[in-house]
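> One structure, pasted below without further comment.
The values are calculated or read from the model by the stated rules, or taken from the named source; none is laboratory data. Note that the structure is a prediction, hence the values are computed from the model and not measured. With ideal geometry, Cβ positions are generated from the backbone for all residues, glycine too; neighbour counts draw on all protein chains shown.
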Amino acid sequence: MKTYRKDDVVRIQLVLNGQQRSGTCESRTLLSDFLRHELGATGTHVGCEHGVCGACTVNIDGVAGRSCMTLAVQAEGCEVDTVEGLNKDVEGLSDLQQAFRRNHALQCGFCTAGILMSCTDYLQRNPDPTEHEVREMLSGHLCRCTGYTNIVKAVLETAAERLGRPHGAALAPDTAGHAGTGPLEQARLVTA
Amino acid sequence: MKPQAFDYARPDSAEEAVSMLAQAGDDARILAGGQSLMAVLNLRLAQPSVLIDISRVPDLNYVRTEGRHLAIGAAATQGSVEWRSSLKQEVPLLAQAFPHISHFQIRNRGTVCGSVAHADPSAELPLALLALEGEVVLRSGRGRRVVAAADFFQGMLMTARAQDELVEEVRYPLAQANVRYAFDEFSGRHGDFAVCAVAAVVKPDGIRLAVGGVSDRPVVRSWSRLDGADLDAAINDFAWELGAKDDHHASAKFRRQLVRHLGRAAIDKAI
């Protein structure tokens with residue numbers, strides 16, 4: 001069993017974007033703060049600190065999650081991937097990042113680092129998502145600039161590219177889950 | 001905000017976790033996925049002195065069919081259940097409920113047992129457990145006990161769990177032939193807490209309808225096979241019995257209307 005007392009300053013190790021890194025923290029230090037303040041990896045942004053905005057999303061052992069709702073000590077020995085590592089195997093930007101740039105899928109960029117990390121995990125599990133599925137995945141991120149349309153386009157375009165399909169065919173009409181005459185709408189009408 | 005300081009322990013086995021829990025006393029909390037607890041700590045709504053992190057305990061990280069149940073261990077994430085390729089056949093109600101639970105990124109880290117132990121009245125996993133007549137396995141230094149979902153949920157964030165007990169496993173009954181299932185909910189935006197959530201289990205000889213988000217805990221009613229106006233009347237009675245209250249998300253009247261409409265629609269579309 002591993003134990004850390006509340007006033008201990010402990011040194012932990014993790015693999016950040018393929019590189020072994022270590023730094024000191026307390027048991028209560030959030031992973032988001034550890035990455036930014038201790039390791040200097042400020043690509044990961046911090047918004048709400050209670051799991052709503054999605055800005056701090058990183059991949060821990062390949063799985064997208066909130067670094068503000070993860071303790072640094074919980075990531076001890078894990079592989080943590082952040083936006084800084086997205087293009088580590090390519091020259092310039094990764095295909096996903098290029099698609100975001102082409103489609104104007106960001107404006108201020110505050111939400112982008114988290115969204116890119118979510119998309120990285122999601123597209124590996126579901127390489128050919130529908131528009132509805134992409135929107136469901138993106139519901140875990142708040143973007144106040146773009147209105148999401150261009151983000152959805154960029155994600156679908158990346159998926160299409162990876163599958164060797166031509167661009168432009170990506171945004172097919174998809175109305176699943178958007179029915180306008182279901183019981184909810186009826187209930188709303190009745191109580192209105 | 002940031003959490004207040006606490007001692008942190010990461011046990012290597014379930015046995016270590018429960019003995020640590022017994023030692024640590026009233027002020028200890030189990031940390032699994034942290035998707036409810038960490039938010040509460042960051043907002044300083046809770047200030048436990050000890051956190052016992054079970055997220056890496058190998059003997060608690062499993063999802064498997066056992067007899068007539070899908071057994072889910074305390075360290076298994078919601079994502080690991082949701083992305084199970086056989087889930088639709090095993091527990092179709094859960095497969096329908098997952099897309100309503102918060103977001104992809106939260107389900108990746110949040111655990112099934114954690115949601116059940118947290119017992120938020122609008123949470124989907126407790127609701128599905130109650131609708132299916134599932135069970136919760138509690139483990140402490142004194143041994144194990146199995147509690148029916150109907151007895152486990154006792155009020156707003158209140159359960160039958162004693163302070164020294166760990167929710168070690170939850171058991172969702174597997175799908176039965178000739179039984180149909182449906183889940184639906186209403187929330188302001190996708191992924192928000194449910195204003196009203198319903199789970200319907202339609203058997204050849206009866207109907208179970210469970211409702212979350214309206215009362216202080218998930219509530220279920222069973223009827224022998226009813227249809228038409230009789231069924232509507234029964235659901236209407238149920239809607240009134242839930243004691244809906246006005247709050248800033250919805251009025252009591254709107255909640256009753258949601259129970260009537262979502263409840264009936266779920267029963268009709270159960271597959």
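> Report, by residue number, each residue of segment A:93-124 that is buried (at least 19 other Cβ atoms within 10 Å of the Cβ) and in a loop (DSSP other than H, G, I, E, B).
Selection gives A:Asn103, A:Ala105, A:Leu106, A:Cys111.
> If you check B:Gly206 against the conditions, is it of a type outside the set (Val, Ile, Thr) and more than 18 Å from B:Ala270 (Cβ to Cβ)? Step through it out loud before you land on a result.
Numbers: of a type outside the set (Val, Ile, Thr): yes; more than 18 Å from B:Ala270 (Cβ to Cβ): no.
No; evaluated as a whole, the condition is false for this residue.
> Oh, and also: Here is a list of conditions, (1) on the phi > 0 side of the Ramachandran plot; (2) surrounded by fewer than 24 Cβ atoms within 10 Å (Cβ to Cβ), and B:Gly213 meets all of them except one; can you say which number that is?
The one condition B:Gly213 does not meet is (2).
> Here's a follow-up. What's the total number of residues in segment B:120-137 that are surrounded by fewer than 24 Cβ atoms within 10 Å (Cβ to Cβ) and without any contact (Cβ under 8 Å) to a residue 40 or more places away in the chain?
Residues flagged as surrounded by fewer than 24 Cβ atoms within 10 Å (Cβ to Cβ) and without any contact (Cβ under 8 Å) to a residue 40 or more places away in the chain within segment B:120-137 amount to 1.
> Can you name every residue in segment B:87-106 that is more than 13 Å from chain A (Cβ to nearest Cβ) and free of Cβ contacts under 8 Å to residues at least 60 places away in the same chain?
Taking segment B:87-106 as the starting set, the residues that turn out to be more than 13 Å from chain A (Cβ to nearest Cβ) are B:87-95, B:97.
Result: B:Leu87, B:Lys88, B:Ala95.
> Residue check: is A:Ala75 at pLDDT 95 or above and either at the interface with chain B (Cβ under 10 Å from one of its Cβ atoms) or touching a strand residue (DSSP E or B) at 6+ places or on another chain (Cβ under 6 Å) (or both)? Outline the logic, then answer.
Values: at pLDDT 95 or above: yes; either at the interface with chain B (Cβ under 10 Å from one of its Cβ atoms) or touching a strand residue (DSSP E or B) at 6+ places or on another chain (Cβ under 6 Å) (or both): yes.
Answer is yes for this residue.
> Sticking with this structure for a sec: Spot the failing condition for B:Asp192; the list is (1) farther than 26 Å from B:Ala46 by Cα; (2) surrounded by 16 or more Cβ atoms within 10 Å (Cβ to Cβ); (3) free of Cβ contacts under 8 Å to residues at least 24 places away in the same chain, and only one is missed.
(1)
> If a residue must be more than 15 Å from the chain's Cα centre (by Cα) and within 16 Å of B:His190 (Cβ to Cβ), how many such residues does segment A:107-132 contain?
Within segment A:107-132, residues that are more than 15 Å from the chain's Cα centre (by Cα) and within 16 Å of B:His190 (Cβ to Cβ) number 4.
> Could I ask something else about it? Which members of segment B:195-208 meet the condition of being crowded, with 17+ Cβ neighbours inside 10 Å and not in a loop (DSSP other than H, G, I, E, B)?
Filtering segment B:195-208 down to residues crowded, with 17+ Cβ neighbours inside 10 Å leaves B:195-202, B:207-208.
Correct list: B:Cys196, B:Ala197, B:Val198, B:Ala199, B:Ala200, B:Val201, B:Val202, B:Ile207, B:Arg208.
> Given (1) away from chain B (no Cβ under 11 Å); (2) within 25 Å of B:His190 (Cα to Cα), where does A:Ser67 come up short, assuming only one miss?
Unmet for A:Ser67, out of (1) away from chain B (no Cβ under 11 Å); (2) within 25 Å of B:His190 (Cα to Cα): (1).
Residue-by-condition table, conditions (1) in a helix (DSSP H, G or I); (2) modelled with pLDDT of 95 or more:
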| position | (1), (2) |
| --- | --- |
| B:Leu130 | yes, yes |
| B:Arg171 | no, yes |
| B:Ala177 | no, no |
| B:Glu185 | no, yes |
| B:Phe193 | no, no |
| B:Ala210 | no, yes |
| B:Asp216 | no, yes |
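> If the requirement is being away from chain A (no Cβ under 14 Å), crowded, with 19+ Cβ neighbours inside 10 Å and either outside any helix (DSSP H, G or I) or out of contact with any Pro (no Cβ under 8 Å at 6 or more places or on another chain) (or both), which of these qualifies: B:Phe238, B:Phe254? Talk me through it step by step, then tell me what you get.
Working: B:Phe254 fails: away from chain A (no Cβ under 14 Å).
One residue alone meets the criteria, B:Phe238.
> Let me ask something else. When segment A:61-80 is examined, which residues are found to be under 15 Å from the mean Cα position of the chain (by Cα) and either crowded, with 23+ Cβ neighbours inside 10 Å or among the small types (Gly, Ala, Ser) (or both)? Walk me through how you get there before you give the answer.
Of all residues in segment A:61-80, those under 15 Å from the mean Cα position of the chain (by Cα) come to A:61-70, A:80.
Within segment A:61-80, A:Gly62, A:Ala64, A:Gly65, A:Arg66, A:Ser67, A:Cys68, A:Met69, A:Thr70, A:Val80 qualify.
Okay, residues lined up against (1) surrounded by 15 or more Cβ atoms within 10 Å (Cβ to Cβ); (2) in contact with a strand residue (DSSP E or B) (Cβ under 7 Å, 6 or more places away or on another chain); (3) over 22 Å from B:Asp26 (Cα atoms); (4) of a type in the set (Gly, Ala, Ser):
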| site | (1), (2), (3), (4) |
| --- | --- |
| B:Ala149 | yes, yes, yes, yes |
| B:Phe153 | yes, yes, no, no |
| B:Met156 | no, no, no, no |
| B:Ala160 | yes, yes, no, yes |
| B:Asp164 | yes, yes, no, no |
| B:Val170 | yes, yes, yes, no |
| B:Leu174 | yes, yes, yes, no |
| B:Val179 | yes, yes, yes, no |
| B:Asp184 | yes, yes, yes, no |
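> Also, quick follow-up: Grab the strands (runs of 3 or more DSSP E) fully contained in segment B:1-86, keeping just those with 2 or more residues being at the interface with chain A (Cβ under 9 Å from one of its Cβ atoms). Steps first, please.
On the way: elements: B:7-10, B:28-31, B:50-53, B:63-66, B:69-73.
Result: B:7-10, B:50-53.
> Can you tell me which residue in segment B:218-235 is nearest to B:Asp151 (Cα to Cα), limited to those that are part of a helix (DSSP H, G or I) and not small (Gly, Ala, Ser)? Show your work before the answer.
First, pick out the residues of segment B:218-235 that are part of a helix (DSSP H, G or I): B:228-235.
Retained after the next criterion (residues that are not small (Gly, Ala, Ser)): B:230-232, B:235.
Numbers: B:Asp230: 29, B:Leu231: 26, B:Asp232: 27, B:Ile235: 22 Å.
Per the stated criteria, the residue is B:Ile235.
> Tally time: how many residues in segment A:125-151 are in a loop (DSSP other than H, G, I, E, B) and free of Cβ contacts under 8 Å to residues at least 40 places away in the same chain?
10
> Test A:Glu91 against the criterion of being more than 13 Å from chain B (Cβ to nearest Cβ) and not hydrophobic (A, V, I, L, M, F, W, C), and give yes or no. Lay out the reasoning, then the answer.
Numbers: more than 13 Å from chain B (Cβ to nearest Cβ): yes; not hydrophobic (A, V, I, L, M, F, W, C): yes.
Yes: the conditions hold for A:Glu91.
> For B:Ala39, indicate whether it is outside the structural domain of B:Val81 (by TED's automatic domain parsing), surrounded by fewer than 24 Cβ atoms within 10 Å (Cβ to Cβ) and either touching a residue at least 60 places away in the same chain (Cβ under 8 Å) or not polar (S, T, N, Q) (or both). Let's see the steps before the verdict.
Details: outside the structural domain of B:Val81 (by TED's automatic domain parsing): yes; surrounded by fewer than 24 Cβ atoms within 10 Å (Cβ to Cβ): yes; either touching a residue at least 60 places away in the same chain (Cβ under 8 Å) or not polar (S, T, N, Q) (or both): yes.
In short, yes.
> Another question, then. Say whether the condition of being farther than 23 Å from B:Leu41 by Cα and in contact with a strand residue (DSSP E or B) (Cβ under 9 Å, 6 or more places away or on another chain) is met by at least one residue in segment A:89-112. Let's see the steps before the verdict.
If we filter segment A:89-112 for residues that are farther than 23 Å from B:Leu41 by Cα, which is where we start, we get A:89-112.
Subset that is in contact with a strand residue (DSSP E or B) (Cβ under 9 Å, 6 or more places away or on another chain): none.
No - not one qualifying residue is present in segment A:89-112.
> Tell me, yes or no, whether segment A:10-26 has at least one residue that is of a type in the set (Ser, Thr, Tyr) and farther than 30 Å from B:Ile101 by Cα. Steps first, answer last, please.
Taking segment A:10-26 as the starting set, the residues that turn out to be of a type in the set (Ser, Thr, Tyr) are A:22, A:24.
Pick out the ones that are also farther than 30 Å from B:Ile101 by Cα and you get A:22, A:24.
The answer is yes; a qualifying residue exists.
> Still on this structure, please answer the following. Tell me yes or no: at least one residue of segment B:106-120 is part of a loop (DSSP other than H, G, I, E, B) and of a type in the set (Asp, Glu). Write out each step before concluding.
Going through segment B:106-120, the residues part of a loop (DSSP other than H, G, I, E, B) turn out to be B:110, B:119-120.
From what is left, the residues that are of a type in the set (Asp, Glu) are B:120.
Yes, that holds for at least one residue.
> So, of the residues in segment A:3-32 that are surrounded by 21 or more Cβ atoms within 10 Å (Cβ to Cβ) and closer than 29 Å to A:Cys108 by Cα, which turns out to be nearest to the chain's Cα centre (by Cα)?
Selected residue: A:Ser32.
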